[in-house]
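Peer 1: Here it is, the structure in full.
The values are calculated or read from the model by the stated rules, or taken from the named source; none is laboratory data. Since we're looking at a predicted model, the values are computed, not measured. Cβ coordinates were reconstructed from backbone atoms using ideal geometry, including for glycine residues, and neighbour counts include every protein chain displayed.
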Amino acid sequence: MKTTTAYLRVIGFMVLAFFLLELIVDSGETWAIVKYPIIWAVLGMVLLIAIALEIIAAALQRILFSGLSPEVKENFLAAEKVREENRFGWFKRKYEEMLGAKPMEKEQEIVLDHNYDGIRELDNKLPPWWVYMFYATIIFAVVYLLRFEVFDGYTQIDEYQTDVAQANEDVAEFKKNNKDLIDAETVEQLTDPADIAAGKTIYTDNCVACHKDSGGGGIGPNLTDDQWILGGGIKNIYHSISEGGRAGKGMIAWKTDLKPSEMAQVASYVMTLHGTNPADGKEPEGEIWTDGNTPVEVNEMTVDSTQINIEATNNSVSDNIESGN
Ligand code: HEC
């Protein structure tokens, strides 16, 4: 029993140390122990100290004990035994009080006077734990009624809306931190001026050679009109940029050069070119795109000799850009 209490003391000490550390170390929304793994080391030290203290205390007790005279020893052991027994006495008493059961020897007092074939009944009182809980539900009901029916508490609809608002915030936060976690299915048109500006830079660096500064088109099709060969709308445009055009046409798959976030930016920039109607615009190609159409299936570009040619063209084009032609 003595060693058990020593263990319990050490565990209690550790739990206390843990919560104290969580309380004083500011770690934002995560647990301090997750954010600062050094806390494991601190807790390890605390554990060592706690064990050392227990060992020292036990050794001291043993030394003092061995120096006692025999009858004092006996008294000490007897007193120790009583202490052990009383240790959980308070809990035990409270527990029995809450059960409210009549002890067996007093059952005679509450036996009812009917008797069915020898089966008799005890008139037990309701156990206090049950009664107190019942009172608690009554108090709860009154408070609830006043709060939500008499005074204007929040409704389930309010609760729902708060949750949805919170969820939207979380989603926005997640998207902000995971900008590259998008594909043609999940991409959304970006409207932030910073994103559009970044998209414009990417466009100027990579796309003007074939689509012109204005988007009016040259080697590549006009990006400003209503007609799209591979489908309009942010998702199709993203898909065209990421996977490239039809084999042999000259539009490579940009997913090897650009990050998903960058493709989303340049796709969003392309969206802003729509309807600008540049003077040097190429003849429309493809079908008129209206939103709500199912996304156009684009053939996967096959890697063959044409692709190598395309890349060669692309390189010479960018060389031209660099040399200012
Ligand atoms: C080497 C020339 C070339 C370069 C560089 C180029 N494209 Fe293209 N692009 C094309 C061609 C050619 C097509 C038509 C593909 C087809 O018909 O399948 C095209 C098609 C497209 C389409 C689909 C148009 C439609 O009508 O469906 C988009 C969007 C597009 N390009 C955007 C871009 C962006 C953004 C860049 C820069 C990251 C870029 N392109 C760079 C040649 C190019």
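Peer 1: Does N168 satisfy the criteria of being outside any loop (DSSP other than H, G, I, E, B) and within 8 Å of the ligand (Cβ to nearest atom)?
Peer 2: no
Peer 1: With the structure loaded, tell me whether P70 is at pLDDT below 85 and farther than 30 Å from F13 by Cβ or whether it fails that test.
Peer 2: In short, no.
Peer 1: Next up: Report, by residue number, each residue of the stretch 233-262 that is under 13 Å from E188 (Cα atoms), more than 8 Å from the ligand (Cβ to nearest atom) and not polar (S, T, N, Q).
Peer 2: G233, I234, K235, Y238, H239, P260, E262
Peer 1: Which number in (1) modelled with pLDDT of 90 or more; (2) more than 7 Å from the ligand (Cβ to nearest atom); (3) of a type in the set (S, T, Y) marks the one condition that T290 misses?
Peer 2: T290 satisfies all of (1) modelled with pLDDT of 90 or more; (2) more than 7 Å from the ligand (Cβ to nearest atom); (3) of a type in the set (S, T, Y) except (1).
Peer 1: Taking Y154, is it of a type outside the set (A, V, I, L, M, F, W, C), away from the ligand (no atom under 16 Å from the Cβ) and on the phi < 0 side of the Ramachandran plot?
Peer 2: yes
Peer 1: Something else: If you check T224, T201, which single one turns out to be within 12 Å of the ligand (Cβ to nearest atom), in contact with a Leu (Cβ under 7 Å, 6 or more places away or on another chain) and among the polar types (S, T, N, Q)?
Peer 2: It is T224.
Peer 1: Take the residues in the stretch 1-22 that are touching a helix residue (DSSP H, G or I) at 6+ places or on another chain (Cβ under 9 Å) and over 30 Å from E80 (Cα atoms), then tell me which one is surrounded by the fewest Cβ atoms within 10 Å (Cβ to Cβ).
Peer 2: E22
Peer 1: Scan K235, K200, K255, K176 and give me the residue that is farther than 15 Å from G286 by Cα, under 37 Å from the mean Cα position of the chain (by Cα) and not assigned by TED's automatic domain parsing to the domain that holds Y269.
Peer 2: Among K235, K200, K255, K176, only K176 is farther than 15 Å from G286 by Cα, under 37 Å from the mean Cα position of the chain (by Cα) and not assigned by TED's automatic domain parsing to the domain that holds Y269.
Peer 1: Restricting to the stretch 171-200, what's the tally of residues that are without any contact (Cβ under 8 Å) to a residue 24 or more places away in the chain and part of a loop (DSSP other than H, G, I, E, B)?
Peer 2: 3
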